[in-house]
1. Under the condition of being buried (at least 19 other Cβ atoms within 10 Å of the Cβ) and in contact with a Ser or Thr (Cβ under 8 Å, 6 or more places away or on another chain), which residue from region 65-76 is farthest from Asn10 (Cα to Cα)?
2. Among (1) touching a residue at least 40 places away in the same chain (Cβ under 8 Å); (2) of a type in the set (A, V, I, L, M); (3) more than 30 Å from Leu137 (Cα to Cα), where does Ile94 come up short?
3. Could you tell me which of the residues Lys31, Lys57 is of a type outside the set (A, V, I, L, M), touching a Gly at 6+ places or on another chain (Cβ under 8 Å) and more than 10 Å from the ligand (Cβ to nearest atom)?
4. Scan region 4-22 and report the pairs whose first residue is on the phi > 0 side of the Ramachandran plot and whose second residue is within 12 Å of the ligand (Cβ to nearest atom), with Cβ atoms within less than 6 Å and a gap of 6+ or a chain change.
5. State whether one or more residues within region 77-86 are more than 10 Å from the ligand (Cβ to nearest atom), more than 30 Å from Leu28 (Cα to Cα) and surrounded by fewer than 20 Cβ atoms within 10 Å (Cβ to Cβ).
6. Which numbered condition trips up Ala114, out of (1) more than 16 Å from the chain's Cα centre (by Cα); (2) in a strand (DSSP E or B)?
7. Looking only at region 19-49, which residues are more than 18 Å from Glu129 (Cβ to Cβ) and either loosely packed, with under 13 Cβ neighbours inside 10 Å or among the small types (Gly, Ala, Ser) (or both)?
8. Has region 97-104 got at least one residue that is within 12 Å of the ligand (Cβ to nearest atom) and over 18 Å from Met189 (Cα atoms)?
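Read the figures in this text as sums done on the coordinates, not as results from a lab. None of these values were measured; they are calculated from a predicted model. All Cβ positions, even for glycine, are placed from backbone atoms using ideal geometry, and neighbour counts span all protein chains on display.
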Amino acid sequence: MTVLVVATGNPGKLNEMQAYLEGLDWQLQLKPPELDVEETGTTFLENARLKACTVAKVTGEWSIADDSGLSVNALGGAPGIYSARYGSTDEARIDRLLRELGDTENREAQFVCAIVVARPDGTVAAEVEGICPGEILTVPRGQGGFGYDPIFYVPEVGMSFAEMSPQQKHECSHRGRAFQTLQPRLEEMR
Ligand code: ITT
């Protein structure tokens, strides 16, 4: 089986990526922890490309990277590509977002996920994006998931990401949607 290095240092993302890749004909490997790629891009896709291509070139293996984040309409799209840099812990990031949004009536937001697969020579083999529209809650709800999940509510499902089972989140989330597009392509790649 061909090795595929999962280029993330985020344990929540890693869990979901591993679950979505399960059963495909790839041998998953973790990225070397000391290999940290600077996210200098200006879009999710650029940052996903930077991570996947750098990790592929350094390890000499196929690599898959995810760049994702939460864009809030009333905040002009913030935190967006800066979602991870918005605070030092998940709790601090959520507190800051709720504080900045205050009692603003417009709670519309979307989660975005860009995924890039790179070949061992560092060239791009596939890139996909997934989007999940939703709303920012006024107080966190639910115990599951990671990151901003407790404050992201999906009206069609009637739950926050943190209240959903992993399968429910897979079916509607930005990452789940990106993987639904990527999956058939991953099966025929190499
Ligand atoms: P890697 O770059 O190592 O993959 P990271 O956490 O720095 O890890 P990003 O730069 O893509 O990843 O930042 C994504 C941010 O958006 C981070 O704060 C996540 O917690 C958050 N995020 C992404 N997907 C999420 C999801 O499904 N649920 C909740 N928060 C999510």
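1. The selected residue is Leu70.
2. Here Ile94 meets the rest and fails (3).
3. Checking each option against the conditions leaves just Lys57.
4. From residues that are on the phi > 0 side of the Ramachandran plot, there are no pairs.
5. Let us first name the residues in region 77-86 that are more than 10 Å from the ligand (Cβ to nearest atom), namely 77-78.
This time we only want the ones that are more than 30 Å from Leu28 (Cα to Cα), so: 77-78.
The next check asks that each one be surrounded by fewer than 20 Cβ atoms within 10 Å (Cβ to Cβ); those that pass are 77-78.
Within region 77-86, one or more residues are more than 10 Å from the ligand (Cβ to nearest atom), more than 30 Å from Leu28 (Cα to Cα) and surrounded by fewer than 20 Cβ atoms within 10 Å (Cβ to Cβ).
6. Result: Ala114 fails condition (1) only.
7. Those that are more than 18 Å from Glu129 (Cβ to Cβ) and either loosely packed, with under 13 Cβ neighbours inside 10 Å or among the small types (Gly, Ala, Ser) (or both): Ala19, Glu22, Gly23, Asp25, Gln27, Leu30, Pro32, Pro33, Glu34, Asp36, Glu38, Thr40.
8. So the first thing to find is which residues in region 97-104 are within 12 Å of the ligand (Cβ to nearest atom), and the list is 97.
From the residues that got through so far, the ones that are over 18 Å from Met189 (Cα atoms) too are 97.
Checking region 97-104: at least one residue is within 12 Å of the ligand (Cβ to nearest atom) and over 18 Å from Met189 (Cα atoms).
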